[in-house]
Amino acid sequence: MRGNLVRKNLLTALLLAPATLWLVVFLVLPFIAIAIFSVGERAPEGGYQAALTFAQYANLPARATAFWNTMVLAPVGAFACLLVAYPVAYYLALRAPQRWRLILLALIVIPFWTSLLMRTYAWMYILGGRGIPALLAYVGIEDLRLINTPGAVLLGIVYGYLPLMILPIYVSLERLDRRLLEASADLGATPLFTFLGVTLRLSLPGVMTGFSLVMILLLGEYLIPTLLGGGKVFFIGNALVDLFLQSRNWPFGSAIAITLVLVSVAVLIVANRISTRLSGARRVDLI
Amino acid sequence: MRAFVVAVFAFLYLPIALVVLFSFNAGQHASEFTGFSVQWYGKALSNPFLVEALKNSLFIAATSALLAAVCGTAAALGLQRVGVRTRALFDALLGAAIVVPGVVIGISTLVALVQLFAVVNPFLASLWPTDQPPRLALGYGSIIAAHGLFSMALVTMIVGTRLSSLDRNLVEASSDLYATPLTTFRSIVLPQIMPAVIAGFLLAFTFSFDDFIIAFFVAGAQTTLPIYVFASIRRGVTPEINAVATIVLAASVLLVLLAQWQLGRRKPSP
């Protein structure tokens, strides 16, 4: 009997060993490494030199523009995504004909799984000099610059992350008990009141999931500001690439990376709190 | 509301349609459509740098997805057999692997590996009998490992979801009928989770193939397709890049549809 138990535990350990090794070597240890780096100093030739100082953290305001852009455009971008996504999710879950529903949903998901790089650069065409500005020049609106502006970055954000926002909202609307809508109407509520009091209220956990997911991914975004912001709209991701790959100031970069992770964790915790309060914490699977 | 939804679909697909359209452009310029031609596909496929980058990407995606599928499935099976606490700890780590921004994964892997190499390489050199000791460096290995982290977490979650909806009665019936655990696993559990494993593999492959930011940090001297495309875009979009993008888009759509189909399969084919 005891031999059996030992064998059982050994098998469990063997099954979990590769994944554990991977998580420790490529997630836990690297994270400890950048935590240590973040209190170090830049070596004269670049890289890291051992020290114990909080100077890197004190220096964070040096990259204030990147932080400011990210902290403004991430929530604004997530909110813009939400405004576009909600009606679509609502239509798909409650209005679309049954046999079209899955096809339409697949059409929403497919772009999300294709390359963000390729999809974003398509907008460089559309917003670039020979795209919309050329069309506008026809009708007499000259010298309009669309690309390399915060607006272009915002557009790219909505375009890139829309599917990720639609999906969780769709799931929460799809699970909605339709009898509640009938009950609300039977009790004399106007459609608007039913929407606000029942539909919207019950879909808020999905909204929170979508919002926090998009927001967290945006905090680390690099491609969209680089391609559509043209080096004028810097994000934290841009600052990190610059510090690690160009100026080789690893300790400062590490301090920024640690701050970024802490902000992401804070966003997650706040989002979790809110959705727990909104309902009995329903989890939404994305895949 | 219908008009709005139609507009959103147009918004989602118009840029993709433009890329595809211009990849068939006969003209030199990326913005005026002057006729239909497949010349850019020929040009793209005869560009040695591009083909090299494509091969690298395919190799890296296949290897890391395979590793992820094997280790992730093993982990999902193992997690069924542990206590609540171990499970919670594991779930937190897997969640972190997915939620931590790609830039941070890239950076921390770079930093940790460079430190590791700084210790290991002199050690190897001191042991090696000849003058040319093997040197660990950034490259295929580091990209595969870094992509494997995210991919493995993805596979563990997908297979875990499937396992939790597995019919336990079948497993019990099987052992009641004196099947060995291995037989039960091979003939009951494995066929049921196989679609999830394949779907996980395909999604991991797609992720790795598309990833730019993690590879950008840990690639060392290697080039992957997204890195090549990114560098070319910064020099100016060419129809050649449009052709590559079209191939990649078509391939990812195919893979995702395949993955969805696998996930949707209820019973294994006989």
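What follows draws every value from the coordinates through simple rules; no lab data is involved. The model shown is predicted, which means the values in this text are computed figures rather than measured ones. Counting neighbours? That spans all protein chains shown, and the Cβs are built from the backbone with ideal geometry, glycine included.
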- request: If a/c stays under 1.5 just call it rounded; otherwise compare a/b with b/c (prolate if a/b is bigger, oblate if not). Do that for the stretch B:1-127, with a ≥ b ≥ c from the square roots of the Cα gyration tensor eigenvalues.
  value: oblate
- request: Can you find, among A:LEU227, A:ALA266, A:ILE256, the residue farthest towards the positive end of the dipole of the protein assembly as shown? Put +1 on the C-beta of Lys and Arg, -1 on that of Asp and Glu.
  value: A:ALA266
message: Hydropathy at least -0.5 by Kyte-Doolittle, axial extent at least 30 angstrom from the Cα trace: which helices of chain A, defined as entire DSSP H runs, fit?
response: A:2-23, A:64-90, A:150-174, A:250-278
query: Going highest first, how would you order B:116-128, A:8-20, B:154-166 by mean Cβ packing within 10 Å?
result: B:154-166, A:8-20, B:116-128
- request: Would you calculate a helix-derived [θ] at 222 nm for chain A, using -39,500 (n - 2.57) for each DSSP H run of n ≥ 4 and dividing by the full residue count, to the nearest 500?
  value: -22000 deg cm²/dmol
task: Filter the DSSP H helices in chain B by two things, a Kyte-Doolittle mean of at least 1.0 and an axial alpha-carbon span of 30 angstrom or more, and list the hits by number.
output: B:2-23, B:48-79, B:102-127, B:140-164, B:239-264
task: Relative to the compact-globule scaling 2.2 N^0.38 Å, provide the ratio for the alpha-carbon radius of gyration of the protein assembly as shown.
output: 1.04
field: Within the protein assembly as shown: Cβ-based charge dipole about Cα centre, in debye rounded to nearest 20 (Lys, Arg +1; Asp, Glu -1)
entry: 1220
- request: Only Lys, Arg, Asp and Glu count, each charged at its Cβ (+1, +1, -1, -1), so figure out the dipole size of chain B about its Cα centre, rounded to 20 debye.
  value: 440
message: Quick check: Cα centre of the stretch B:209-229 to Cα centre of the stretch A:239-268, how many Å?
response: 19
statement: Any trypsin sites (Lys or Arg not before Pro) in the stretch B:62-140 that lie in a DSSP loop and have at most 15 other Cβ atoms within 10 Å would be B:ARG81, B:ARG135
field: Signed unit charges on C-beta, dipole axis of the stretch B:2-107, positive-most listed residue B:VAL104, B:LEU12, B:THR86
entry: B:THR86
message: Please compute the contact order of chain A in relative form: average sequence separation of alpha-carbon pairs under 8 Å and at least six residues apart, divided by the residue count, as a percent.
response: 29
- prompt: Once the dipole of the protein assembly as shown is set up with Lys and Arg at +1 and Asp and Glu at -1 on Cβ about the Cα centre, which of A:GLN246, B:PRO226, B:ILE144 lies farthest towards its positive end?
  reply: B:ILE144
task: Using only Cα atoms, locate the centre of the stretch A:1-64 and the centre of the stretch A:122-153, then give the distance between them in Å, rounded to an integer.
output: 45
